[in-house]
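The values are calculated or read from the model by the stated rules, or taken from the named source; none is laboratory data. Note that this is a predicted model, so its numbers are computed, not measured. Here the Cβ positions follow ideal geometry from the backbone for every residue, glycine too, while neighbour counts run over all protein chains shown. The protein model used for the area step is the full one, side chains on, heavy atoms only, and it has no ligands, DNA or RNA in it. Shrake-Rupley method; radii C 1.70, N 1.55, O 1.52, S 1.80 Å.
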Amino acid sequence: MAPAWRETLRDLFIAPDFDRARVEVTFTAPRGFMRGSWKIAAGRRAVARGRIARKRGTVTFDARLQGFVPWTVDHPFLYRLTLTLTVGRNEKRIVQDFGMRKFHVENNRIHMNNRPFIIRGLIRGREAHDHANLSGLSETEFYAKFIRAAKQFGFNFIRFHSRVPSEVYFEAADRLGILTHVEVRKYYGKYQAERDLMDHDPVLVRRKDWIDAILRVRNHASLMVYCLGNEINSPGRSAEVSERAAELRKLDPTRLFIDTCARGEYDRDGIDLDVQHMGYFAPFGRHADMFDTSENWAIFGSVKGRTMVARSPGAETRREVPVTVPVVAHEVGHYLVLRDLDALKRTFARSDAEAPWWIDELIRLRQLKGLASDYRRLMEASRRFQYLWYKQVFESIRKSPILCGFHFLQLADTDRYENANGLLDCFDDIKRGVRPSDYLKFNGDAVLVADLPRRTFFEGETITIPIWLSNFSERLTGEGTLTWRLTSKDGSRVAMSGRLTRLDMAAGLNRIATVEVRLPDLSRPAALAFKVSLKPAHGAAVANDWDLWLYPNRPDWLPIRRATVVLRDVDLVTRYPHLTVSARLTHPEQLVIADRFTDAVFRHLEAGGDVLMLYRIRETRDRTARRERYYVPSTWDRFKPVIWDRGHNLGGFLRRHPAVARFPTDGFVDLQFAGLIDDCDKFSLDGFPVHVDPVIQGVDKAVRDRYDVFTFNLHELQPDWTMRKFAYLFDLRVGRGRLMMSAFNFTGIERDVPEACAMFESLAACVTSRAWKPTARIAVSDLRRFLARKGRAPRIKERMMTQYWQFDAEPLESARYWKDAEAWIRRG
């Protein structure tokens with residue numbers, strides 16, 4: 001709904017002049033205008049007033065507002081302009097609220113009200129990233145509820161993807177205090193089907209639509225950014241983009257302009273800020289610096305025709321991409337969790353809204369897969385995994401030297417699709433187990449970040465931890481005192497601490513300290529908490545914390561002395577030289593350590609032997625490799641979250657078992673599993689001949705691949721690659737023998753990767769113990785028959801989006817990738 005004044009004054013513009021403490025008001029005098037008066041009020045108190053003489057054409061007047069109250073996200077103070085105009089014989093009363101605020105760019109940084117500002121944005125608007133008013137609230141309360149929730153989590157900005165929101169939204173945003181980004185180019189049709197059509201549309205945004213949008217929203221205090229649209233190709237070469245930008249500069253020079261969110265050339269002109277894709281990696285391990293580099297921006301080329309990559313025989317030279325405007329990270333997050341299907345179904349039943357089809361389908365699939373009894377733990381595992389990665393992403397961006405903020409996907413789930421990546425459900429209620437206060441530690445105005453690219457360590461290591469302060473708080477000024485503590489989570493061991501006074505708490509991003517610690521010696525592993533606090537002389541402290549894991553480095557403690565070892569990719573002797581190794585499966589030791597099933601392994605189990613299966617086969621990661629005769633259904637895993645529909649790792653949970661007694665956890669997969677899960681062969685127990693409760697159970701995604709729908713015409717959920725019963729570790733009594741099945745990647749043992757060594761040593765202690773008594777049982781012949789049948793059967797191939805996630809090689813999917821991925825699936 002348009003404001004009432006638009007019927008009389010289509011082009012009313014209230015332009016705050018923050019630096020000169022004044023406001024300029026302009027409008028085109030309506031036909032028959034005789035005279036008028038104006039008043040600006042702060043609450044009930046008039047702070048300025050005046051008269052308007054009869055005039056044709058443009059009416060302009062200034063109002064001085066000495067000692068004005070700025071409009072900010074924390075204190076969204078609104079002034080009210082009232083115009084009383086005599087038009088012909090009628091008197092028109094026009095009311096418009098406005099705020100005193102200023103946006104500008106200086107030294108490649110965004111400023112609001114002359115202070116450095118960081119965009120902590122979230123995305124809604126597009127149907128995949130939004131939801132209907134399912135609770136039947138008034139439109140005002142519908143938006144207000146969402147805005148209040150967003151601010152609870154520390155967000156200060158909403159990007160409306162391919163949409164200009166309603167007047168009701170803007171009134172709520174002005175009043176409650178959240179900044180807004182609008183996009184005038186609309187999407188039509190289904191999520192992917194219209195993309196190719198739009199990419200080749202000769203008109204991006206029609207001039208009339210652009211001008212109408214600007215005139216409609218430019219008086220709102222919460223408006224910060226105008227954007228033409230999402231992921232427009234080659235905007236720097238478009239004359240139309242230049243025309244739209246010039247029109248905006250005339251109609252509203254007080255806001256920031258960007259042509260496209262992502263896909264823009266790095267060296268184009270005419271924009272105030274940029275939004276760039278930082279890649280679909282996860283910011284840990286080898287990709288820990290993904291938000292610190294501009295290398296990906298070269299993908300979209302140079303508007304000036306510069307060569308981005310020069311290739312020569314056996315080499316390539318890449319251009320370093322400079323940062324010339326403030327840059328915001330495009331569509332970060334997007335990490336899935338399992339939905340609380342039962343609670344969601346009850347909520348829909350209480351509302352007047354129709355429940356989406358996928359709720360009942362997922363409930364049926366959950367029952368089919370035998371996951372109903374464990375579903376609550378699976379949900380909690382996925383929530384914790386999502387939180388782990390959102391913390392990693394937000395902190396990585398907050399310490400980035402090249403970024404000025406991010407657009408987050410997304411705060412609230414959509415109801416249109418089954419994908420759930422929000423912290424709120426599709427009724428805008430905070431999900432079970434999610435605490436806004438946890439997010440404020442890394443998404444508030446001021447955030448402390450410990451730069452920890454790894455989290456697992458051996459005793460005696462010396463580690464260096466840079467401490468960064470990302471400070472965009474008006475209250476955290478002057479000097480402060482830094483304190484830190486490193487303690488074991490059980491409170492019994494490892495107590496270290498430090499303190500540093502008179503640290504400068506300047507605005508922006510600053511490295512304020514470095515902590516260097518020699519980790520103590522210890523006889524058993526410990527989960528640690530590293531806690532940091534920065535306290536100003538007056539006011540509340542800023543605090544944050546991180547989990548670390550510390551392990552003894554005592555290879556000679558390995559309880560295995562003799563074993564038959566048949567491993568192709570894992571070297572045990574380098575770390576454990578005291579281990580007497582035989583590779584002869586014809587005369588095996590009591591313990592066989594192998595990485596694949598053979599007839600000799602089955603004979604050993606039949607004879608009552610023990611097998612530690614460190615399963616790792618070539619065909620998992622090599623499409624040309626020979627297929628296994630005895631195949632355990634498995635898939636190539638990565639230690640990173642599911643990104644909308646890319647991937648299949650939603651974390652995992654542990655059951656009590658002696659196999660993990662020497663590997664401390666809180667019952668869920670966390671960062672101490674990074675080196676074990678990345679590049680491992682994760683088991684699928686769907687259809688396994690006996691019931692197994694895995695020691696460590698993985699969580700699969702519960703969503704479709706978009707290309708299954710649009711390329712392969714598979715519109716329903718596909719059980720073969722959805723909600724699988726995953727396992728990283730399980731055990732069986734096989735005939736008279738005992739079998740420990742591990743999917744983990746142990747190639748790090750020879751490189752002394754702490755988690756790989758610690759998990760192997762914990763498993764070794766279990767499988768050499770008489771106390772190890774697997775509860776699930778299967779006959780040797782039944783297991784051999786099942787694995788042989790799977791060996792002959794076609795493999796379940798991961799879908800197009802997930803293949804990209806598995807390769808973990810490119811920041812974005814390339815045209816060649818899409819072609820190869822589709823061809824691989826179609827080969828059958």
- Note on the structure: For region 488-520 the number of residues that are assigned to a strand (DSSP E or B), open to solvent by 30 Å² or more (accessible area, probe 1.4 Å) and either among the polar types (S, T, N, Q) or touching a Gly at 6+ places or on another chain (Cβ under 6 Å) (or both) is 4
- Query: Which residues, counting only those in region 668-701, are open to solvent by less than 20 Å² (accessible area, probe 1.4 Å) and either modelled with pLDDT under 95 or assigned to a loop (DSSP other than H, G, I, E, B) (or both)?
  - Reply: Val669, Leu685, Val692, Pro694, Val695, Asp700, Lys701
- Message: Residues that are free of Cβ contacts under 8 Å to residues at least 12 places away in the same chain, open to solvent by 10 Å² or more (accessible area, probe 1.4 Å), in a loop (DSSP other than H, G, I, E, B) and not β-branched (Val, Ile, Thr): does region 594-614 have at least one?
- Response: no
- All positions within region 546-584 that are assigned to a loop (DSSP other than H, G, I, E, B) and among the hydrophobic types (A, V, I, L, M, F, W, C): Leu558, Ile560, Leu567, Val570, Leu572, Val573, Leu579, Ala583
- Note on the structure: Cβ pairs under 8 Å, 6+ apart or interchain, first in region 731-754 and within 13 Å of Cys680 (Cβ to Cβ), second surrounded by fewer than 21 Cβ atoms within 10 Å (Cβ to Cβ) and of a type outside the set (Ser, Thr, Tyr), ordered by first then second residue, are Met741/Met613; Ser742/Met613; Asn745/Asp678; Asn745/Asp679; Phe746/Val570; Thr747/Asp569; Thr747/Val570; Thr747/Asp679
- Do you know which residues across region 301-316 are surrounded by 10 or more Cβ atoms within 10 Å (Cβ to Cβ) and either within 30 Å of Ser396 (Cβ to Cβ) or not charged (D, E, K, R) (or both)? Gly301, Ser302, Val303, Arg306, Thr307, Met308, Val309, Ala310
- Task: Output the residues belonging to region 615-645 that are open to solvent by 20 Å² or more (accessible area, probe 1.4 Å) and β-branched (Val, Ile, Thr).
- Result: Thr620, Thr624
- Scan region 440-471 residue by residue and report those that are open to solvent by 10 Å² or more (accessible area, probe 1.4 Å), over 30 Å from Arg524 (Cβ atoms) and assigned to a helix (DSSP H, G or I). Leu440
- Message: Suppose we filter region 360-391 for residues that are without any contact (Cβ under 8 Å) to a residue 40 or more places away in the chain and assigned to a helix (DSSP H, G or I); how many remain?
- Response: 6
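Taking region 42-60 as the region of interest, how many residues are open to solvent by less than 80 Å² (accessible area, probe 1.4 Å), out of contact with any Gly (no Cβ under 6 Å at 6 or more places or on another chain), farther than 30 Å from Arg148 by Cβ and not hydroxyl-bearing (Ser, Thr, Tyr)?
Going through region 42-60, the residues open to solvent by less than 80 Å² (accessible area, probe 1.4 Å) turn out to be 42-43, 46-48, 50, 52-53, 57-60.
When the remaining residues are screened for being out of contact with any Gly (no Cβ under 6 Å at 6 or more places or on another chain), the result is 42-43, 46-48, 50, 53, 57-60.
Add one more test, that the residue is farther than 30 Å from Arg148 by Cβ, and what stays is 46, 48, 50, 53, 57-60.
Within this subset, residues satisfying the condition of being not hydroxyl-bearing (Ser, Thr, Tyr) are 46, 48, 50, 53, 57, 59.
Residues in region 42-60 being open to solvent by less than 80 Å² (accessible area, probe 1.4 Å), out of contact with any Gly (no Cβ under 6 Å at 6 or more places or on another chain), farther than 30 Å from Arg148 by Cβ and not hydroxyl-bearing (Ser, Thr, Tyr): 6 in total.
Results for (1) within 25 Å of Arg175 (Cα to Cα); (2) out of contact with any Pro (no Cβ under 9 Å at 6 or more places or on another chain); (3) without any contact (Cβ under 8 Å) to a residue 24 or more places away in the chain, shown as yes or no for each residue.
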residue: Gly32; (1), (2), (3): no, yes, no
residue: Gly36; (1), (2), (3): no, yes, no
residue: Ala46; (1), (2), (3): yes, yes, yes
residue: Gly50; (1), (2), (3): no, yes, yes
residue: Arg56; (1), (2), (3): no, yes, no
residue: Phe61; (1), (2), (3): no, yes, no
residue: Arg93; (1), (2), (3): yes, yes, yes
- Item | Leading residue by the ranking (farthest from Leu482 (Cα to Cα)) among those in region 552-562 that are in contact with a Ser or Thr (Cβ under 7 Å, 6 or more places away or on another chain) and crowded, with 16+ Cβ neighbours inside 10 Å | Ile560
- Item | Single residue of region 702-727 satisfying the filter (surrounded by 21 or more Cβ atoms within 10 Å (Cβ to Cβ) and over 24 Å from the mean Cα position of the chain (by Cα)) that is farthest from Tyr576 (Cα to Cα) | Lys725
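For region 268-339, which strands (runs of 3 or more DSSP E) that fit wholly inside it have 2 or more residues that are at pLDDT 95 or above and touching a Gly at 6+ places or on another chain (Cβ under 9 Å)? Give the derivation first.
On the way: elements: 274-276, 309-312, 315-318, 327-333.
Strands (runs of 3 or more DSSP E) meeting the threshold: 274-276, 327-333.
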- Note on the structure: Filtering region 728-744 for residues that are surrounded by fewer than 24 Cβ atoms within 10 Å (Cβ to Cβ) and part of a loop (DSSP other than H, G, I, E, B) leaves a count of 2
